[in-house]
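Values in this text are rule-based calculations from the coordinates and carry no lab data. Bear in mind the structure is a predicted one, so any value in this text is a computation, not a measurement. As a convention, Cβ positions derive from the backbone with ideal geometry for all residues, glycine included, and neighbour counts pool all protein chains shown.
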Amino acid sequence: MIAVPNHVAIVMDGNGRWATQRFLPRIAGHKQGVKSLRRCVEACVVRGIKVLTIFAFSSENWNRPSDEVSGLMELLAMSLAAEVPRLQANGVRLYFAGDRGRLSAKVQAGLAKAEAETAGNRRLVLNVCFNYGGRWDIAQAARKLVERGEEITELALDRAMSLAYVPDPDLLIRTGGEMRLSNFLLWQAAYSELHFSVKFWPEFDEAALDEALAFFATRERRFGLTSSQLVAQTGAPAHLDGHSVKAA
Ligand code: FPP
């Protein structure tokens with residue numbers, strides 16, 4: 001039995017380098033990145049993955065050249081319009097995580113519309129992290145608790161985080177050859193298996209996804225326990241029973 005992760009998170013890195021290698025503007029790499037994302041979403045649906053979380057625009061991406069920032073905003077708006085019907089057909093529910101306050105009214109309205117239109121879909125949840133940062137997420141969760149006068153505990157913080165409605169990612173993939181988290185899902189990735197692919201995001205195809213899934217299937221997830229404790233609890237090594245539990 002192959003353990004398929006319930007929740008996969010991806011840092012889609014390497015669009016710029018993919019374009020530069022081809023003497024194209026960086027935005028051409030991001031456009032190709034959208035195509036790669038479409039292929040990846042459909043592959044995840046087919047493989048029975050339930051949640052896919054992607055890093056589409058980080059809190060730090062505002063510091064990029066202004067034409068690239070405006071290009072990414074435009075691409076988001078265009079992609080929403082173009083992709084929602086296809087997402088509907090595939091049973092994909094869209095959700096946006098991040099600080100929406102700095103986005104234009106038009107983009108904010110587009111995000112809310114896409115979320116509402118896909119709210120009834122159940123095959124896959126696609127979390128698009130846009131103007132998102134892991135530190136922002138922890139800070140916003142803490143602020144919520146302070147505003148409500150609640151005690152700051154791990155459980156309370158966990159419930160106030162922007163992805164509290166899904167289990168933590170089982171597998172976190174980063175493409176493009178770098179081996180760092182870059183402020184993505186700092187809280188939620190505490191026990192995620194990490195897989196790094198040298199492929200640039202536009203080249204990340206079904207075979208590359210399957211390579212990441214095969215890597216995941218070989219991992220024993222101990223959540224701080226020993227191997228023998230796990231076998232005693234579940235009767236099987238964790239990597240064989242596909243458990244996706246939050247650490248106690
Ligand atoms: C990182 O590559 C990628 C991004 C900052 C943007 C990712 C966006 C997409 C894949 C398009 C889908 C997004 C939307 C708008 C729905 P990079 O530019 O840092 O690449 P580099 O490291 O080669 O420069």
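Could you give the length gained on full extension between Ile152 and Arg38, defined as 0.36 nm per residue of separation minus the Cα-Cα distance, in nm? Walk me through the intermediate numbers first.
Details: separation 114, 0.36 × 114 = 41.04 nm, distance 3.87 nm.
Gain in length upon complete extension: 37.2 nm.
For the range 72-229, the square roots of the Cα gyration tensor eigenvalues, ordered a ≥ b ≥ c, give a/c of at least 1.5 with a/b no greater than b/c, which places it in the oblate category. For the range 167-181, backbone phi angles converted through the Karplus equation (6.51, -1.76, 1.60; θ = phi - 60°) give residue-by-residue couplings of x, 4, x, 7, 9, 10, 10, 10, 8, x, x, 7, 10, 8, 8 Hz, Gly and Pro being listed as x.
Size of the dipole of the chain about the Cα centre, Lys and Arg at +1 and Asp and Glu at -1 on the beta carbon, nothing else charged, in debye to 20?
On the way: 30 positive and 27 negative charges, 90 e Å.
In total the dipole reaches around 440 debye.
For the chain, the relative contact order works out to 27 percent when only alpha carbon pairs closer than 8 Å and six or more residues apart are counted. Put +1 on the Cβ of each Lys and Arg and -1 on the Cβ of each Asp and Glu in the chain; which of Ser182, Ala43, Gly134 then has its Cα farthest toward the positive end of the dipole? After comparing all options, I get Ala43. Taking only the C-alpha atoms of the range 12-165, Rg followed by Dmax gives 16.6, 55 Å. For the range 127-219, the relative contact order is 26 percent, taking Cα pairs closer than 8 Å that sit 6 or more residues apart in sequence and dividing their mean separation by the residue count.
Once the C-beta distance of Glu60 and Val166 is scaled by a Förster radius of 35 Å, the resulting FRET efficiency is 0.90 to the nearest 0.05. Between Arg22, Arg47, Arg219, the Gaussian network model of the chain with springs among Cα atoms under 10 angstrom shows the greatest mean-square fluctuation at Arg22. Label positions at Lys106 and Phe223, each projected 7 Å from the Cα along the C-beta direction, are separated by 4.6 nm.
Relative contact order for the range 1-88: what percent, with Cα pairs under 8 Å and sequence separation of 6 or more? Walk me through the intermediate numbers first.
Working: 62 pairs, mean separation 30.4, N = 88.
It rounds to 35 percent for the range 1-88.
Cross-link reach is defined here as a Cα-Cα straight distance under 27 Å, omitting same-chain residues fewer than 8 places apart; for Lys199 the lysines meeting it are Lys31, Lys35, Lys50. In this label model, Arg143 and Arg180 are separated by 2.5 nm, measuring between points 7 Å along each Cα→Cβ vector. Largest mean-square fluctuation among Phe204, Phe96, Phe215, in a Gaussian network model of the chain whose springs join Cα atoms under 10 Å apart, belongs to Phe215.
Spin-label model, Glu74 to Leu194: label points 7 Å out along the Cα-to-beta-carbon direction sit 3.6 nm apart.
Can you figure out the FRET efficiency of Arg122 with Ala214, using R₀ = 30 Å and their beta-carbon distance, to the nearest 0.05?
0.65
Local charge sum around Ala160 (other residues, Cβ-Cβ under 9 Å, Lys/Arg +1, Asp/Glu -1)? Overall, the nearby charge balance is +2.
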